[in-house]
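One structure is given below, encoded as structure tokens.
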Protein chains: 2
Amino acid sequence: MNATGSLWIVGLGPGPAHWMTPEAAEAIARASDIVGYGPYLDRLSLRPDQHRHSSDNRVEIDRARHALRLAAQGRAVAIVSGGDPGIFAMAAAVFEALEGGEPAWRGLSIEVAPGISAMQAAAARLGAPLGHDFCAISLSDNLKPWDVVARRLNAAADGDFVIALYNPASKARPRQIFEAFDLLRQRKAPGTPVAFARAVGRSDERVVLTDLEKADPGLADMSTLVLIGSSETRFVMRGAARPWLLTPRSYGAAR
Amino acid sequence: MNATGSLWIVGLGPGPAHWMTPEAAEAIARASDIVGYGPYLDRLSLRPDQHRHSSDNRVEIDRARHALRLAAQGRAVAIVSGGDPGIFAMAAAVFEALEGGEPAWRGLSIEVAPGISAMQAAAARLGAPLGHDFCAISLSDNLKPWDVVARRLNAAADGDFVIALYNPASKARPRQIFEAFDLLRQRKAPGTPVAFARAVGRSDERVVLTDLEKADPGLADMSTLVLIGSSETRFVMRGAARPWLLTPRSYGAAR
């Protein structure tokens, strides 16, 4: 029942070092063991004395248990996520593993280091699309039934929220984003601004601005954050450059 | 029609320096002029050659215009927000000012530096409350009618989202948070976990965990982020310490 180790759940942000917080960098520097998906670990400059525990991107709960086990052995462990670990990333998996795991794990020192999430990187690049009330929805139905996703998309449309879609598509799930657009097109105006913001901040960044009617859901892949405006979201033109995307702070009658 | 200056819209994060990104720090270091609400400017160590343009926390649009005017004069300007400028902060005000302002302003170099927002700091402190689909709603009705707020709260409840409430109360608006709880109590289970996360990361941090039935909305002030769980959100107990708050990645039947 040794629980003297520590576990940091660390958000690396969307990619570039200038979007990783000093807290995240410190947590990694202090760790004896770093656990994470291989490509996230590849972003880090680890010292020879640090142990690297690389895994593929599946079965997050196994990775979380591995990190908790190492911490319970007295190690100083960092488990890393892209983006913010609290937003569709590793934090939930770790606390699920804790809930279902060894009683001693609950005595571990655990801290979460937040990070810039994909919707924030996308919003920063585009202008101010999240300038008003918004929802974040993961389209993955690996862990929830599609009818929950559909119910939330409908509610988000009914509430006229700006919608940020995470995990819109993968090779194993190419169709959900098409179904999501079908559903949203029944409830939102055809001219609603839409952005496909892929890998923002990385070398393969690609941003496409369009509207709900013309949008090709096939543009979305695993690295894409899809933003769909509210009825107030609009483009602010600036000559030949890509327009800014703005959801103003005011709404309807209060304008 | 000189538009050779530049404007950075910079997020300082929730307070502590370890939550400010290197990008934000660099943008401030490069600026000749820093514009912002006084207490945010007080967080920064500015050089004697940097011009400080302090304002009170009202009339964001005037502050935004001032920053754009300075940039249009050829200055290197940073306008700062707490949190993330894209989430209920300065980015929307700047692009609104741009939209309604001098045509030359559209030729300025403008960049947004994202930051850790209050809901992320709160989530990191609490465990993983945002581990699944969520909505962020500002309760301020300064710029939108209350019926829009109410419509969104209802939609968020109907979609069974985790709900992050920004700007829950101020001296001028003490009642909205009570009305919001009245409304949510009609649609969500009494045992739904609720957190009042005040000034997370600052010296006056205070966190209260409760549930929807027992919650006292009077705990919320200007510096409080209120989190209300989904039907899946639960506490993970850990002896005498404050329990973790978890919204698992799975939902209902898929568990």
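Would you work out the charge dipole size for chain A about its Cα centre, treating the Cβ of every Lys and Arg as +1 and the Cβ of every Asp and Glu as -1, and quote it to the nearest 20 debye?
Dipole about the Cα centre, nearest 20: 440 debye.
Roughly what would the spin-label model give for A:Met222 and A:Arg52, points 7 Å off Cα along C-beta, in nm?
With each label point 7 Å from Cα toward Cβ, the separation is 1.9 nm.
Among B:Phe161, A:Phe235, which comes first, second and so on when ranked by fewest other beta-carbon atoms within 10 Å? Please report the intermediate quantities before stating the final value.
Values: B:Phe161 27, A:Phe235 17.
Taking fewest neighbouring Cβ atoms as first place, the list is A:Phe235, B:Phe161.
Give the residue from B:Val10, B:Ile87, B:Gly36 lying farthest towards the positive end of the charge dipole for segment B:6-116; charges sit on Cβ (+1 for Lys and Arg, -1 for Asp and Glu) and the dipole is referred to the Cα centre.
Value computed over the given set: B:Gly36.
222 nm [θ] for the protein assembly as shown, helices only, -39500 (n - 2.57) per DSSP H run of 4+, per residue, to 500?
Estimated from H runs of four or more residues: -8000 deg cm²/dmol.
Label the protein assembly as shown by shape, choosing from rounded, prolate and oblate, from the square roots a ≥ b ≥ c of the eigenvalues of the Cα gyration tensor; if a/c is under 1.5 it is rounded, and otherwise prolate applies when a/b is larger than b/c, oblate when it is not.
Rounded shape, in that the Cα axes give a/c under 1.5.
Report, as an integer, the average count of C-beta atoms from other chains found within 10 Å of each Cβ along A:31-41.
So the per-residue partner count for this stretch is 0.
Mind checking A:135-145 for the average number of partner chain beta-carbons within 10 Å of each residue's beta-carbon?
Other-chain Cβ atoms within 10 Å of each residue's Cβ, averaged: 5.
Once the label point is placed 7 Å from Cα along Cβ, list for A:Asp62 the distances to the corresponding points in the other copies, in nm, shortest first.
Its label point is 6.1 nm from the equivalent points in the other copies.
Under a plain spin-label model, where a point goes 7 Å from the Cα along Cα-to-Cβ, how far apart in nm are B:Ala104 and B:Asp204?
4.2
Within 10 Å of each Cβ of A:149-156, how many other protein chain Cβ atoms are there on average?
Mean partner-chain Cβ count within 10 Å for A:149-156: 5.
Set Lys and Arg Cβ to +1 and Asp and Glu Cβ to -1, take the dipole of chain B about its Cα centre, and tell me which of B:Gln50, B:Phe235, B:Leu153 lies farthest positive.
B:Phe235
With a cut-off of 8 Å between alpha carbons and a minimum separation of six or more residues, what is the relative contact order of segment A:6-116 in percent?
Relative CO of segment A:6-116 lands at 43 percent.
Positive end of the charge dipole of segment A:119-254 (Lys, Arg +1 and Asp, Glu -1 on Cβ, about the Cα centre): tell me which of A:Thr247, A:Ile163, A:Val200 has its Cα farthest that way.
Projecting each Cα onto the dipole axis, the largest value belongs to A:Val200.
From the label point of B:Ala17, set 7 Å along Cα to the beta carbon, how far off in nm is each other copy's matching point, shortest first?
1.9
Using only the alpha carbon atoms of chain A, find the Kirkwood hydrodynamic radius as the inverse mean reciprocal pair distance, in angstroms to one decimal.
Working: mean 1/r = 0.0514 Å⁻¹.
This gives a value of 19.5 Å.
In whole Hz, with x marking every Gly and Pro, tabulate ³J(HN,Hα) for segment B:192-200 from phi via Karplus 6.51 cos²θ - 1.76 cosθ + 1.60, θ = phi - 60°.
So the J values, rounded to whole Hz, are 4, x, 9, 10, 9, 10, 9, 6, 4.
What size of dipole, in debye to the nearest 20, comes out for the protein assembly as shown about its Cα centre when the only charges are +1 on Lys and Arg C-beta atoms and -1 on Asp and Glu C-beta atoms?
100
How would A:Val10, A:Val226, B:Val59 line up from fewest to most surrounding beta-carbon atoms within 10 angstrom?
So the ranking, lowest neighbour count to highest, is B:Val59, A:Val226, A:Val10.
Taking just the alpha-carbon atoms of segment B:6-116, what radius of gyration and Dmax come out, in angstrom?
Taking only Cα atoms of segment B:6-116, I get Rg and Dmax of 12.5, 38 Å.
Just to confirm the numbers: A:Trp146, label point 7 angstrom along the Cα-Cβ line, distances to the other copies in nm, shortest first?
Distances to the matching label points in the other copies: 4.2 nm.
How far apart, in nm, are the 7 Å Cα→Cβ label points at B:Ala29 and A:Ala189?
With each label point 7 Å from Cα toward Cβ, the separation is 4.5 nm.
Mind checking the dipole of segment B:132-255: about its Cα centre, +1 per Lys or Arg Cβ, -1 per Asp or Glu Cβ, Debye to the nearest 20?
220
Provide the per-residue ³J(HN,Hα) series for segment B:33-38, in order, calculated from phi with Karplus coefficients 6.51, -1.76, 1.60 and θ = phi - 60°, each as a whole number of Hz, with x at glycine and proline positions.
Whole-Hz 3J(HN,Hα) from phi for segment B:33-38: 9, 10, 10, x, 4, x.
On alpha carbon coordinates alone, what is the Rg over Rh value for segment A:119-254, Rh being the Kirkwood radius?
Rg/Rh: 0.95.
Quick note: the coordinates plus some simple rules give every number you see, no bench work behind them. Note that this is a predicted model, so its numbers are computed, not measured. Positions of Cβ are backbone-derived with ideal geometry, glycine not excepted, and every protein chain shown enters the neighbour counts.
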